[in-house]
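To start, the structure under review is shown below, and the notes come after it.
The values are calculated or read from the model by the stated rules, or taken from the named source; none is laboratory data. Being a predicted model, the structure only gives us computed values, none of them experimental. Here the Cβ positions follow ideal geometry from the backbone for every residue, glycine too, while neighbour counts run over all protein chains shown. Ligands, DNA and RNA are excluded from the accessible area calculation, which covers all protein heavy atoms including side chains. Shrake-Rupley method; radii C 1.70, N 1.55, O 1.52, S 1.80 Å.
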Amino acid sequence: PPAGPILNQWIHFEFNLHELYQHHWGFIPENSTTYKIFFELRYDNKADDEHPQATVYFDDLYLGPKPAANPND
């Protein structure tokens, strides 16, 4: 792994939210209407009076129903 965060580069990540809910809470919510997504902003080696800032872009954010299995996969 890199020694620090990778700057100015797209970073792909994904989570199976159904599996995470099942693992951590023992159920998958069926009728939720609100979700909160949090990201960490690192500010290593900054002075105490400096405020962290970042520009974040989301290319493909999907939190809908689990897609049906594709038999061709």
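Below is a table of values for the structure above.
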quantity	calculated
Residue match in region 54-64 (condition: closer than 18 Å to G4 by Cα, part of a loop (DSSP other than H, G, I, E, B), at pLDDT 75 or above and of a type outside the set (S, T, Y))	yes
H51 being in a loop (DSSP other than H, G, I, E, B) and open to solvent by 100 Å² or more (accessible area, probe 1.4 Å)	yes
Verdict on Y21 being surrounded by fewer than 10 Cβ atoms within 10 Å (Cβ to Cβ), within 18 Å of the chain's Cα centre (by Cα) and closer than 19 Å to L61 by Cα	no
